[in-house]
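J.: Below: one structure in structure tokens.
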Amino acid sequence: MLQGARIDRGRLRRRWADFGPALLYMLPAFAVIAAFVYVPFVRAVQLSFFVINRNTFRPSHFMGITYYLRVLNVGDSPFGDMYLRSLLTTVSFTVMVVPLSIAAAIGLAVLSQAKLRRIGIFRTIFTSTVSISIASASVIWSLIYSPNLGLFRRLLLSLHSNATSLLTDSHTALAAVALTTIWTSLGFNFVIALAGLQTIPRDLYESCMIDGAGRWRTFRQVTLPLLGPTLLFLFIISTIACFEAFTQFKVLIDSVGPDKSTNVFVYAIFDAFWMQNDYGFASAMSVVLFVVILGLAIMQLRLDRKVHYQ
């Protein structure tokens, strides 16, 4: 017993001796994370309770939770439900993007596993959007949506719209930005989906062929369940990305959109901070966004119990 206790104390001393150098190596990363993540977050929480002087950028008057009530449209507010509506617009945008982007990625990943000559060329094409930034992709799609090109003119005519572009019609603007986002995220989602498919043992598919199961039944009862962890990861990452979406809205529309149809929550934060110079209110909105994303992440991670890990 005594000898075992001495051995344990020796191991503990060695671990503490190694902890110092390890902490020293991690210190630069901790400093960067603290400077650009934790300190700004704490500062935003602090500013969300005050009226901020626009000249000195210092708190001048304590507001309590007034800004939070204004975001959630509780009580009498001259802004009505504008900010709550922007949050619902973000939810609508997420519903448009996440299912379609994941479904498209899974479909392309399945197709890219076909045993065909030069299939690697198609895999390269499918992953090409990984190397294109959101800003660059938004510029490309702004040219595609341009009235001068006339690509979507028939679609607008079929919708009996007087708008010159999909981006200037309140019924199609959000869907147009969603299509751009789906195209931009397709490369990353495809890579992750293909990696998930390649981890599934081939002998399971051979067993399904021997049992006479068709392709659809094999996909539904074998592929999808074993892709559970991959789908969960893509679902969480895509949802968070949609709630944080800003660049594509700024480049494609650069406003709240026709009838405020594209006024997503992050753009509303940008407008409150840079256009209205309402720093305290913008800080409160950013804290609300953090709480919403955190809640979604926790809720989605609870689905982890229903995911099958091989």
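The values are calculated or read from the model by the stated rules, or taken from the named source; none is laboratory data. What you see is a predicted model; the values in this text were computed from it and never measured. Ideal geometry is used to build each Cβ from the backbone, glycine not excepted, and the neighbour counts take in all protein chains shown. With ligands, DNA and RNA removed, areas are computed over all heavy atoms of the protein, side chains included. Shrake-Rupley method; radii C 1.70, N 1.55, O 1.52, S 1.80 Å.
J.: With the checklist (1) in contact (Cβ under 8 Å) with a residue 60 or more places away in the chain; (2) buried (at least 18 other Cβ atoms within 10 Å of the Cβ); (3) in contact with a Phe, Trp or Tyr (Cβ under 9 Å, 6 or more places away or on another chain) in hand, flag the one item VAL130 doesn't pass.
T.: Answer for VAL130: the failing condition is (2).
J.: Is it the case that region 274-290 has a residue that's within 21 Å of VAL97 (Cα to Cα), of a type outside the set (Phe, Trp, Tyr) and either open to solvent by less than 40 Å² (accessible area, probe 1.4 Å) or modelled with pLDDT of 90 or more (or both)? Can you show your working first?
T.: Going through region 274-290, the residues within 21 Å of VAL97 (Cα to Cα) turn out to be 289-290.
Now restrict to residues that are of a type outside the set (Phe, Trp, Tyr): 289.
Okay, now just the ones that are also either open to solvent by less than 40 Å² (accessible area, probe 1.4 Å) or modelled with pLDDT of 90 or more (or both), so 289.
Among the residues of region 274-290, at least one is within 21 Å of VAL97 (Cα to Cα), of a type outside the set (Phe, Trp, Tyr) and either open to solvent by less than 40 Å² (accessible area, probe 1.4 Å) or modelled with pLDDT of 90 or more (or both), which makes the answer yes.
J.: Still on this model: Filter region 227-252 down to residues that are open to solvent by less than 30 Å² (accessible area, probe 1.4 Å) and more than 15 Å from LEU303 (Cβ to Cβ), then give me how many there are.
T.: 6
J.: Those residues that are in contact (Cβ under 8 Å) with a residue 60 or more places away in the chain, out of contact with any Ser or Thr (no Cβ under 7 Å at 6 or more places or on another chain) and either under 20 Å from SER138 (Cβ atoms) or not polar (S, T, N, Q) (or both), I need them from region 222-240; list them, please.
T.: PRO225, LEU226, LEU227, GLY228, PRO229, LEU231, LEU232, LEU234, PHE235, ILE236
J.: Out of all the residues in region 133-148, which are open to solvent by 50 Å² or more (accessible area, probe 1.4 Å) and within 21 Å of PHE249 (Cβ to Cβ)?
T.: The answer is SER133, ILE134, SER136, VAL139, ILE140, LEU143, PRO147.
J.: Can you find a residue that is closer than 17 Å to VAL291 by Cβ, at pLDDT 85 or above and surrounded by 17 or more Cβ atoms within 10 Å (Cβ to Cβ) anywhere in region 52-64?
T.: No, because not a single residue in region 52-64 is closer than 17 Å to VAL291 by Cβ, at pLDDT 85 or above and surrounded by 17 or more Cβ atoms within 10 Å (Cβ to Cβ).
J.: I'm told THR184 meets every condition in (1) exposed (fewer than 13 other Cβ atoms within 10 Å of the Cβ); (2) closer than 28 Å to MET285 by Cβ except one. Can you identify the failing condition by its number?
T.: Checking THR184 against (1) exposed (fewer than 13 other Cβ atoms within 10 Å of the Cβ); (2) closer than 28 Å to MET285 by Cβ, the one that fails is (1).
This table checks each residue for (1) over 26 Å from PRO147 (Cβ atoms); (2) at pLDDT 90 or above; (3) not small (Gly, Ala, Ser).
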{"site": "HIS160", "(1), (2), (3)": "no, no, yes"}
{"site": "HIS171", "(1), (2), (3)": "no, no, yes"}
{"site": "ALA175", "(1), (2), (3)": "no, yes, no"}
{"site": "THR180", "(1), (2), (3)": "no, yes, yes"}
{"site": "PHE188", "(1), (2), (3)": "yes, yes, yes"}
{"site": "GLY212", "(1), (2), (3)": "yes, no, no"}
